[in-house]
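Report on the structure given below.
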Amino acid sequence: MTTISYNEYLTTQDPYKPLTHGYKRDVGRNNQGRLTTRHKGGGHKRLYREIDFVYNKRDIPATVNTVEYDPNRTAFICLVTYKDGEKRYVVAPKGMKVGDTFIVSEKAPIANGNRLQLKNIPVGTFIYNLEVKPGEGAKLIRSAGSFAQVVAIDAGYAHIKMPSTEIRKVPETAWACIGTLSNDENRLVNIGKAGRSRWLGIRPTVRGSVMNPVDHPYGGGEQRQGRGLRRAKTMWGKPSGKGQKTRTPKKYSNPFIVSRRKVGKSKKGEK
């Protein structure tokens, strides 16, 4: 079992109360109460921190007060105070410390944490908190250690290389933050024991090969069996596993995909 030495990065354990509230997690259920995502439930009670992903305070400098842990996301968060006195939580980029400043502006310098429109960001720059539609708020690149890269600006669109190796077109008027996200060691953590997964709200995963034939395509057999099928599939018969395309063929965003993500061995070889 491994952990992250939070004392090296965090400056306080107490969140800013006016920006927190209690909430009930969905634990894999939809609005009808039906299970749509398996293996979720239980876990430690969490206090929700209201994170600003819209960044609608333009041309007002903000100063970092604290760097904090957030149980609802993998990256660290910062409590910042804008020059007009308002406090907000934002996702912390790597290297941001107490006392650092950033600004959201079309003319902001290319510096860690600053937020600009994509058309004003040089090619090759690492970004996070990326919008899909201008003004909608950050939707992509929000988890620990992740970043995307601007690879081209052309015909009103920025071409962005995503962490998955996919290259996608985003309107050049969309906004993004400069840098990479904090807590990049998160992917190296070894959970170590079943109980720790339960604290995190992760329930057990049962292998298809140990189920009955009625419950899974891999089920059945007197002893341990291989899946007996050419291609991997889920318990509902949909394709899964390495090297198989699982994307919806007629997805709405297909026109914005310049280069599909690489899967399986080819992707591993690139790292």
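Key figures
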read-out	value
Test: residue in the stretch 152-166 that is among the charged types (D, E, K, R), surrounded by 15 or more Cβ atoms within 10 Å (Cβ to Cβ) and within 30 Å of residue 43 (Cβ to Cβ)	no
Matching residues, the stretch 214-254, being closer than 30 Å to residue 157 by Cα and among the β-branched types (Val, Ile, Thr)	246, 248
Among the residues listed as 261, 247, 198, the single one being within 23 Å of the chain's Cα centre (by Cα) and at pLDDT 90 or above	198
Test result for residue 60, surrounded by fewer than 13 Cβ atoms within 10 Å (Cβ to Cβ) and outside any strand (DSSP E or B)	yes
Of all residues making up the stretch 13-46, the number that are among the hydrophobic types (A, V, I, L, M, F, W, C) and in contact with a helix residue (DSSP H, G or I) (Cβ under 9 Å, 6 or more places away or on another chain)	0
Conditions (1) farther than 17 Å from residue 64 by Cα; (2) in contact with a strand residue (DSSP E or B) (Cβ under 9 Å, 6 or more places away or on another chain); (3) surrounded by 12 or more Cβ atoms within 10 Å (Cβ to Cβ); (4) of a type outside the set (A, V, I, L, M); number of the one not met by residue 6	(2)
Residues of the stretch 18-57 that turn out to be of a type in the set (A, V, I, L, M), in a loop (DSSP other than H, G, I, E, B) and within 17 Å of residue 91 (Cβ to Cβ), as a count	1
Given (1) touching an Asp or Glu at 6+ places or on another chain (Cβ under 8 Å); (2) under 19 Å from residue 257 (Cβ atoms); (3) part of a strand (DSSP E or B), index of the condition residue 89 fails	(2)
Test for residue 45: is it among the charged types (D, E, K, R), surrounded by 14 or more Cβ atoms within 10 Å (Cβ to Cβ), out of contact with any strand residue (DSSP E or B) (no Cβ under 6 Å at 6 or more places or on another chain) and over 29 Å from residue 175 (Cα atoms)	no
Positions within the stretch 73-86 being of a type outside the set (D, E, K, R), farther than 16 Å from residue 56 by Cα and assigned to a loop (DSSP other than H, G, I, E, B), in sequence order	74, 75, 76
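The values are calculated or read from the model by the stated rules, or taken from the named source; none is laboratory data. Given the structure is predicted, the values throughout are model-derived calculations rather than measurements. Positions of Cβ are backbone-derived with ideal geometry, glycine not excepted, and every protein chain shown enters the neighbour counts.
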